[in-house]
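Working notes, structure below.
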């Protein structure tokens, strides 16, 4: 009996370990450039970097950015489609990978490019619309009526010159008291007070930081302790380290993801930090198609480590798997996800040779 019990325990441990190595990965795509169902669910093995297709959505237009609910039961997507742009809700079935459509709402602004949610609300950044829309969230995960539309008006900067807002990213502060929003068109990083229970004035303007004119703030991320913001600027490739204290931002350091010898078009895209807070990565599209690695020093400032090819064209969103073993980059124009291994000591990336081939991938989120 003791031998059988030991054998059962060993089998149970092996099975549990195998299950822990598998995580669901959802990929959002553009559907208007090649054949795509919209969103795809994969089983991703964090030991081998192998990915197996489990399920997909049907007839969903351009789900170009995705957001999981905190309980992982629901997925929210933008539907970037000009005047017909929407935001949609899906029930996600973890075991099967099935994505069940629940409902859609007009995004109340053209070309939404970022969606964020918590227990009470679904928030959308509309790029061409230049505004933020706040929707209520129903208990069944569906998107409710919009509570608030925050407009960022066209601003005159000269006799023949106008600045037009292009809202690009939204993120809560670690204490959820604030929402930060990047405006690529007007070179602002906005700070709003956040009241999730408000019926209309969910966002209340608090503060803004204007970065260098023409730099184009795109994506940003917080340090693990929430006291620093790392901001990636699309148009000039600059990377800023900002302190974030009591809702205010202060510049601490400026560096870049652009190699000194590079002469082509810059179009920086996405930025993420490893879970242990040791390394930061940022992508650059345009003519570069590179990803840069920086070591995060104890004072939060950045030290350059590596700049390497992403091995594809149009690197958009990327993600780090839950174990921190692999970094996956979605390539919009070469129609595949390229998977790199991460050296957890140095931060450097090495091509695994593993790929996920699919039409125009642009967003990656792990369950």
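The values are calculated or read from the model by the stated rules, or taken from the named source; none is laboratory data. All figures in this text were calculated on a predicted structure; none of them were measured in a lab. A quick note on method: Cβ atoms are made from the backbone with ideal geometry, for glycine too, and the neighbour counts reach across all protein chains shown.
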**Request:** Considering only the stretch 320-331, state which residues are under 23 Å from residue 256 (Cα atoms) and surrounded by 21 or more Cβ atoms within 10 Å (Cβ to Cβ).
**Result:** 327, 328, 329, 330, 331
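Answer yes or no: is there a residue in the stretch 249-256 that is out of contact with any strand residue (DSSP E or B) (no Cβ under 8 Å at 6 or more places or on another chain) and modelled with pLDDT of 95 or more.
At the first step, the residues of the stretch 249-256 found to be out of contact with any strand residue (DSSP E or B) (no Cβ under 8 Å at 6 or more places or on another chain) are none.
Scanning the stretch 249-256 turns up no residue that is out of contact with any strand residue (DSSP E or B) (no Cβ under 8 Å at 6 or more places or on another chain) and modelled with pLDDT of 95 or more.
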**Asked** With (1) more than 22 Å from the chain's Cα centre (by Cα); (2) more than 22 Å from residue 149 (Cα to Cα); (3) modelled with pLDDT of 95 or more as the list, and residue 3 as the residue in question, which single condition is left unmet?
**Response** (3)
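Residue 131 - would you say it is closer than 12 Å to residue 203 by Cβ and in contact (Cβ under 8 Å) with a residue 60 or more places away in the chain?
Against the criterion (closer than 12 Å to residue 203 by Cβ and in contact (Cβ under 8 Å) with a residue 60 or more places away in the chain), residue 131 does not qualify.
Name every residue in the stretch 310-323 that is closer than 25 Å to residue 233 by Cα and in contact (Cβ under 8 Å) with a residue 40 or more places away in the chain, in order of residue number. Don't jump to the end; show me each part of the working.
We begin by selecting, within the stretch 310-323, every residue closer than 25 Å to residue 233 by Cα; these are 310-321.
Across the stretch 310-323, the qualifying residues are 311, 315, 316, 317, 318, 319, 320, 321.
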**Message:** Can you report the number of residues in the stretch 48-68 which are touching a helix residue (DSSP H, G or I) at 6+ places or on another chain (Cβ under 9 Å) and surrounded by 22 or more Cβ atoms within 10 Å (Cβ to Cβ)?
**Reply:** 0
**Complete:** Note on the stretch 106-135: residues under 13 Å from residue 83 (Cα atoms), more than 19 Å from the chain's Cα centre (by Cα) and in a strand (DSSP E or B) are 106
**Fill in**
Scanning the stretch 324-341 residue by residue, those in a strand (DSSP E or B) and under 19 Å from the mean Cα position of the chain (by Cα) turn out to be 326, 327, 328, 329, 330, 331, 336, 337, 338, 339, 340
**Message:** Looking only at the stretch 69-84, how many residues end up being buried (at least 18 other Cβ atoms within 10 Å of the Cβ) and either modelled with pLDDT under 95 or not in a loop (DSSP other than H, G, I, E, B) (or both)?
**Reply:** 6
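For (1) out of contact with any strand residue (DSSP E or B) (no Cβ under 6 Å at 6 or more places or on another chain); (2) closer than 30 Å to residue 61 by Cβ; (3) in a strand (DSSP E or B); (4) at pLDDT below 95, each residue gets a yes or a no:
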position: 306; (1), (2), (3), (4): no, no, yes, no
position: 317; (1), (2), (3), (4): no, yes, yes, no
position: 344; (1), (2), (3), (4): yes, no, no, no
position: 356; (1), (2), (3), (4): no, yes, yes, no
position: 359; (1), (2), (3), (4): no, yes, no, no
**Residues that are under 19 Å from residue 91 (Cβ atoms) and either in contact with a helix residue (DSSP H, G or I) (Cβ under 6 Å, 6 or more places away or on another chain) or in contact (Cβ under 8 Å) with a residue 40 or more places away in the chain (or both), drawn from the stretch 18-47** = 23, 24, 25, 26, 27, 28, 39, 40, 41, 42, 43
**Request:** Could you tell me which of the residues 100, 148, 171 is under 19 Å from the mean Cα position of the chain (by Cα) and either surrounded by fewer than 19 Cβ atoms within 10 Å (Cβ to Cβ) or touching a residue at least 24 places away in the same chain (Cβ under 8 Å) (or both)?
**Result:** 171
